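To start, the structure itself, in structure tokens.
Values in this text are rule-based calculations from the coordinates and carry no lab data. Note that the coordinates shown come from a computational prediction; the quantities given were computed from them, not determined experimentally. As a convention, Cβ positions derive from the backbone with ideal geometry for all residues, glycine included, and neighbour counts pool all protein chains shown.
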Amino acid sequence: MIDPTRDLIRQRNREQVRALSAADRLRAGAEIARFLEATPWLRPGLAVAGFWSLPTEVPMLVVQMLIERLGAHYHLPVLRPGKQLAFARFCAGDGVKPNRFGIPEPAAPGSLLAPSELDLVLLPLSAFDRDGHRLGSGGGWYDRSFAFRKSPGVLTPRLVGIGFACQEQPNLPVAEWDVPLDAVITERELVQCRSSGNPVAS
């Protein structure tokens, strides 16, 4: 049974984000890129997944530019059958087309990477807590696609939530299918999640 509290948290947090000014949202994206650059997670040739930002999500343009500048390869999610995600290489200026939810995907994706082939995944979120619990949009696409990360000893790809500080909750209600995050980056800090076996410095 789905906890209705989860949808209430999503709705409240989306309203909080909508109340932020455009300038505040852009500053948040720049600050998140600064925190990400200070980690050892970006190296030439690595496969990094980001996302196409919706109005209630952190603008990702500066983050994408950082990833490309450091020589890593930026990817966007592509919807696949069975509510699974694959990931397509995406560079600034590439064409996009809307998926069935109206979210842009690469128009000519070419070869797709499976979730397990990525090195780092930057996930959108509606809410998070410091134990690594995350609420997304409610569709379960990321949880299904990265369910293998719940297996003992599986530490890749690193899963990092990208959100605003106002989206933090003390303790989120957890569902059995939720895949925990290793870290969260907001405009204020990089949070090492308490449940993670992936230390920030690795």
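Take each peptide in 129-140, 76-87, count the other Cβ atoms within 10 Å of every residue, and average; sorted highest first, the result is 129-140, 76-87.
Mean projected area of the Cα convex hull of the stretch 1-118, taken over all directions, amounts to 9.1 nm².
Beta bridges per DSSP, both residues in the chain: antiparallel share near 55 percent. Each of [x] 1.05; [y] 0.95; [z] 0.92 is a candidate for Rg/Rh (Cα atoms, Kirkwood Rh); the one calculated from this structure is [z]. With a 10 Å cut-off between alpha carbons and a GNM built on the chain, which of Ile162, Ile103, Ile185 moves the most? Top of the fluctuation ranking is Ile103. With contributions of -39500 (n - 2.57) from each DSSP H run of at least four residues, the per-residue ellipticity at 222 nm computed over the chain stands at -7000 deg cm²/dmol. Among residues other than Trp41 with Cβ under 9 Å from its Cβ, the summed charge is +1 (Lys and Arg +1, Asp and Glu -1).
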